[in-house]
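Quick note: the coordinates plus some simple rules give every number you see, no bench work behind them. Note that this is a predicted model, so its numbers are computed, not measured. Here the Cβ is made from the backbone with ideal geometry for all residues, glycine too, and neighbour counts use every protein chain on show.
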């Protein structure tokens, strides 16, 4: 199992918020939803099987069904975080 890299997760969160479709109080991109609480101190990345909450000072909580789902989620987060943006052109 890969370790959660908070910096990568935060980059993915920003990509999803910039490029994703907004619905149900979150932005959605490539099967991952990104949302935050009212004050922005807690952000959430989730799919159908995994929820990653990132708190103040980069503490985090992971909820997942099984290791296979977690590994797929981490790979999806990495892929989103490494997407080329319009600003990169």
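Quick notes on this one:
- Cβ-based exposure ranking for 21, 50, in which fewest neighbours within 10 Å come first: 21, 50
- Gyration tensor (alpha-carbon) shape descriptor, the chain, a/c threshold 1.5: rounded
- Counting beta carbons within 10 Å around each of 29, 52 and listing the fewest first gives the order 29, 52.
- Only Cα pairs under 8 Å and 6+ residues apart enter the sum, and on that basis the relative contact order of the chain stands at 27 percent.
- At R0 = 22 Å, FRET efficiency that the Cβ-Cβ distance of residue 58 and residue 83 yields, to 0.05: 0.50
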